[in-house]
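Chemist: Structure incoming, see below.
The values are calculated or read from the model by the stated rules, or taken from the named source; none is laboratory data. Keep in mind that what you see is a predicted model, and the values were worked out from it rather than measured. As a convention, Cβ positions derive from the backbone with ideal geometry for all residues, glycine included, and neighbour counts pool all protein chains shown. With ligands, DNA and RNA removed, areas are computed over all heavy atoms of the protein, side chains included. Shrake-Rupley method; radii C 1.70, N 1.55, O 1.52, S 1.80 Å.
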Amino acid sequence: MDIFGKARKLERKIARSLDAAVVEFVGASEPAPLEIVHAVLDRAEQQIQEAGRGVRLFPFNRVKVVVAAPPGEKAARARFAAVADGPPSIGERLQARLRAAGCRTVDVVVEISYATKAGPRWESPLFHVEFDRAPVAAAPERVASPTPRLKLTVVAGKAVPRTQIFSSSRIDIGRRSEVLDAKQRVVRTNHVAFEEGPDENRSVSRRHAHLSWHPGAGEYRIQDDRSVHGTSILRGGRTIVVPAGSRGVRIESGDEIIVGQARLKVTLV
């Protein structure tokens, strides 16, 4: 006998001992609640499917148990509910039984209800078990926020044009429109390109900063691209430093972006 078979045999032996004790306590005239519980577990174990290569599956995620409880038998219903609720609960017993049988762990909901009498299709006059696989609710799809239009106006320094409106997910800011490497290859194109010349412009690195749209959060963030003179935001008279290499700082309409000594006014339109 394999290890799973030995585990099931031991569990049933313990269950029979417990059942006998409960029957002795409540009287042999009515079934012990634990007897019904273990009968339900036996029915569930019979539903296990072989999936090949030693894999065993329990194909259901909902077990419905209906117990016969004639009108006026509130005490019998209470006794069964006490055993079913545990600890361990009937759901926990089912999970343990499935694991002992070599099944992969699954989330199974056990629903218990009561009927005044046995139904015509019941296999037992005491209880009835139905197995079902309810569809798993898919996580609600998160609708990404549309990229808003962003107006950038140069208020210190010189760039042509002075005002631009963007609706792209990334906006690069720096000195010169094209940044070349040692082999004169274009490695970056700045959307906001400060010209060579004024002091404010010379303080802007060629690859200074960029704005990126984050649809999940519904916001633009400014990130410093390890510039020489740094990037910050002026908001309501307060300066917010943008740490180099960080995930950036959220910007708001009305902010001023400070790149070196140059500045850009932000307007969300």
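Chemist: Where Lys and Arg each count +1 and Asp and Glu each count -1, what net charge lies around V204 among other residues with Cβ under 14 Å from its Cβ?
Modeler: My count for the surroundings of V204 gives +2.
Chemist: Right, something else. What's the carbon and sulfur percent of the stretch 112-258's accessible surface, probe 1.4 angstrom, rounded to a whole number?
Modeler: Solvent-exposed carbon and sulfur of the stretch 112-258 make up 50 percent of the total.
Chemist: Sticking with this one: Can you pull the one-decimal nm distance between simple spin-label points at R104 and I165, each 7 Å off the Cα toward Cβ?
Modeler: Here the modelled spin labels are 5.3 nm apart.
Chemist: Among the trypsin sites (Lys or Arg not before Pro) within the stretch 219-264, which fall in a DSSP loop and have no more than 16 other Cβ atoms within 10 Å of their own Cβ?
Modeler: Passing sites in the stretch 219-264 are R226, R247.
Chemist: Probe 1.4 Å, all protein chains in place: accessible area of T147 in Å², nearest 10?
Modeler: For T147, solvent-accessible area is about 50 Å².
Chemist: With all protein chains present, calculate the accessible area of E92 using a 1.4 Å probe and round the result to the nearest 10 Å².
Modeler: That residue has around 100 Å² of solvent-accessible surface.
Chemist: Please work out the average accessible area per residue across the stretch 142-225, using the 1.4 Å probe convention, and give it in Å².
Modeler: Numbers: 4500 Å² over 84 residues.
The answer is 54 Å² per residue.
Chemist: Using 0.36 nm per residue, how much length does the chain from S253 to A82 gain when fully extended, once their Cα-Cα distance is taken away?
Modeler: Extending this stretch completely gives an extra 55.5 nm.
Chemist: Moving on. For I240, I112, I165, what's the largest-to-smallest order of accessible area, 1.4 Å probe?
Modeler: In descending accessible area the options line up as I165, I112, I240.
Chemist: Where the centre of each part is set by its Cα atoms, how far does the stretch 75-104 sit from the stretch 173-187, in angstrom?
Modeler: 69 Å
Chemist: Using only alpha carbon positions, build the gyration tensor of the stretch 121-269, then give the equivalent ellipsoid semi-axes as the square roots of 5 times its eigenvalues, largest first, whole angstrom.
Modeler: Each semi-axis is √(5λ); the values are 50, 17, 14 Å.
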